[in-house]
Amino acid sequence: MARDTTGTVEAFVAALPKVELHVHLLGSADLTTVADLARGHPQGEVPTDPEELAAYYEFTNFDHFLDVYVALNRLVTTGESVERLIIGLAETLAADNVRYAEVTVTPLSHLKVGIDPAELADALESGRLAARACGVEIAWIFDVSGDDGLVGAWATLDWILRHQPVGTVAFGLGGPETGVPRAAFHDAFASARAAGLRSVPHAGETTGPGEVLSALTELRADRIGHGIAAADAPRLLAHLAEHDVPLEVCVTSNLRTGAVGSWAEHPLPSLLTAGVPVTLGTDDPGMFGTTLSREYVLCATRLGLDSTELASVTRAGIDAAFCSPATRRALHAELDDALGTVLPEGTTPAPYR
Ligand code: ADE
Ligand code: ZN
């Protein structure tokens, strides 16, 4: 019999209409999907059995995680597989009461393994429409992997501008961070911004606060992927809080990749105390075995966030989304409605600490 979760943190989180602003399409693929794709590439190293795949996803460190990510990328060689990933993600998001998602796609990585540029754009649009039919509005963040350098960033921008996928909102920078200074991408981010895209680089995930500062000053970041290293720099924290620059925090990811050593060391509570806008993301939910709701619940049970703090993280996500004003209003209204139901007027939400 299913466990009765009425009145629990799980029920509270399930009732929140959420937004997901930090999820990579490739890393969202569930075990069954990846095992299926691996069967189509028997020469590759990726296991075709979901149980073996779960073991394959035990990462020894961040570089190991990136190696596995690259191996996974080699399995996605057709527009059809891209569309399958989007539909899988949309179904998961819908089941998790996520209404709006900004999904990161790395076009150059897909093009490098042989997907035709127009086929990729078509697959994204078909997937976006299928997601909408599931009740999830998807927007795109197109990023470049740091190891593809500035040349890769220009190639990515060229693909975006040539195909102009509907729903494109931002330009990003992911992949390795060590040895890849954010500042090296200054020119491409300046062009992306001039073309109307917002700036969302990963920074301060596996390096120090200096890269978060570079992301702000050199790439004019509107939001920062992870950015957790800012917790070590009080003036930087004050700047993020004062200028309302949100950090997209992904707690399970940080623990699974070794970016953070333990729950006790996770800086999320310090970021909130400093007044920095924080949104929660899953990063690569298929690879980390998580969902957005699970991330919220872990923030309550492992990091001590109470229901008010969880709701304000959702609200910060709605405020930080690169959506239209009408969508933002609708998302806030839905959240207000849901909070009115789970938190009757006048009640002070009980802490889960
Ligand atoms: N690509 C997918 N997941 C990533 C992460 N956590 N950091 C950088 N690049 C990524
Ligand atoms: Zn990421």
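Bear in mind that the values in this text are calculations on the coordinates, not laboratory data. Small disclaimer: the values here were computed from a predicted structure and weren't measured. So basically every Cβ, Gly included, is an ideal-geometry build from the backbone, and we count neighbours across all protein chains shown.
Some notes on this structure:
- Estimated D of the chain in µm² per second, where Rh is the Kirkwood radius over Cα pairs and Stokes-Einstein applies at 4 °C, 1.567 mPa s: 64
- q = 0.14, 0.18 Å⁻¹: log10 I(q)/I(0) that the Debye formula gives for segment 1-124, counting C-alpha atoms only: -0.71, -1.04
- Relative protection proxy for 309-319, 154-164, 101-111, from highest mean packing down: 101-111, 309-319, 154-164 (other beta-carbon atoms within 10 angstrom).
- Scoring 51-58, 84-91 by mean Cβ neighbours within 10 Å over their residues and listing the highest first yields 84-91, 51-58.
- Listed peptides 173-183, 59-69 by packing density, highest first (mean Cβ within 10 Å): 173-183, 59-69
- Computed over segment 179-228: relative contact order in percent, which uses C-alpha pairs under 8 Å that are six or more apart: 43
- About the centre of its Cα atoms, segment 9-342 shows a dipole size close to 700 debye [charges on the beta carbon of Lys, Arg (+1) and Asp, Glu (-1) only; nearest 20 debye].
- Given charges at Cβ of Lys, Arg, Asp, Glu: segment 9-342 dipole, positive-most of Val76, Thr291, Thr314: Thr314
- Cβ charges +1 (Lys, Arg) and -1 (Asp, Glu), total dipole of segment 1-122, debye: 220
- Among residues other than Leu247 with Cβ under 12 Å from its Cβ, the summed charge is -3 (Lys and Arg +1, Asp and Glu -1).
- Shape descriptor for segment 158-294: Rg over Rh equals 0.97 (Cα atoms; Rh from the Kirkwood inverse mean 1/r).
- Cβ-placed point charges (K, R +1; D, E -1), dipole of segment 161-315 about Cα centre in debye, nearest 20: 320
- What the pair-distance distribution of segment 97-227 shows, using all Cα-Cα distances binned every 5 Å from zero, is 2, 11, 22, 22, 19, 13, 8, 3, 0 percent.
- Net charge over other residues, Cβ less than 14 angstrom from the Cβ of Cys134 (K, R count +1; D, E count -1): -1
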